[in-house]
Amino acid sequence: MRTSGFLIALIALLAAALLYLAVFWEPLPQRPIERIVAHGQLPPGTAPRGGDFVLQGPHGPVALADYRGKVVLIYFGYTWCPDVCPTSLSLLAQAIADLDPVERERVQPIFISVDPERDTPARLKEYAPFFHPALIGLSGSREQIAAVATAYGSSYQKQPANAEGNYAVDHSSATYVVDPQGRLAGSLPHAATPAQIVAFVRQQLVAGDTR
């Protein structure tokens, strides 16, 4: 019953996010994708380096190295996020759907939870596929998540819980792009259009083919 309630709530949340996008969202004007800048937990003047990691997936450990040869799209968020995460993941899913089938096989979206206390692998297994069947949700210990987020320049902060024990997690909302060689290529800002996401992904695919 608890699982059924969670699924119903998630469907309602997705429907609300899609309705918002359809009615209120206006695409950002086309512009070059900027390189990542240092922020979050990195020391001043230090650029994010990305790099390999291993976290817990729905069926066991998942390594970034498992996806060599693919463009990997990494988003840091959490399943209880009321609006930012559903919006970002919906746009990401639309971009993947806009790729042709051959391109789609060479792209792997990953959702890394910054709320490992609540986002178990089982919960992420239910949550991620509602946005796209290829999206995989990863979790880990607090120390593991912090290390990966720091390496990629993502920041987050857990807020104090209310009287009912519920809490929010403030987090950055960029999507990080890893090229087919496993190197951090850049980031896409929150609310990047599907067309912008597709263009950057294709740029990395073409570059990977020429290396």
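The values are calculated or read from the model by the stated rules, or taken from the named source; none is laboratory data. Everything quoted here is computed from the prediction, not taken from an experiment. Cβ: placed from backbone, ideal geometry, glycine included. Neighbour counts: every protein chain shown. Areas reflect the complete protein model, heavy atoms only, side chains present, ligands, DNA and RNA absent. Shrake-Rupley method; radii C 1.70, N 1.55, O 1.52, S 1.80 Å.
Would you say P194 is out of contact with any helix residue (DSSP H, G or I) (no Cβ under 9 Å at 6 or more places or on another chain) and either farther than 19 Å from D115 by Cα or not basic (K, R) (or both)? Taking the combined requirement at face value, the residue does not satisfy it. Of note, L92 satisfies the criterion of being farther than 17 Å from L55 by Cα and touching a strand residue (DSSP E or B) at 6+ places or on another chain (Cβ under 7 Å). Counting residues in region 160-176 that are under 24 Å from K70 (Cβ atoms), under 17 Å from the mean Cα position of the chain (by Cα) and open to solvent by less than 10 Å² (accessible area, probe 1.4 Å) gives one or more. With respect to (1) open to solvent by less than 20 Å² (accessible area, probe 1.4 Å); (2) farther than 25 Å from V198 by Cβ, the lone exception for L138 is condition (2). Of the numbered criteria (1) open to solvent by 60 Å² or more (accessible area, probe 1.4 Å); (2) under 15 Å from the mean Cα position of the chain (by Cα), the one P189 fails is (1).
The set of residues in region 95-127 that are assigned to a helix (DSSP H, G or I) and open to solvent by 60 Å² or more (accessible area, probe 1.4 Å) comprises D98, P101, V102, R104, A122, K125.
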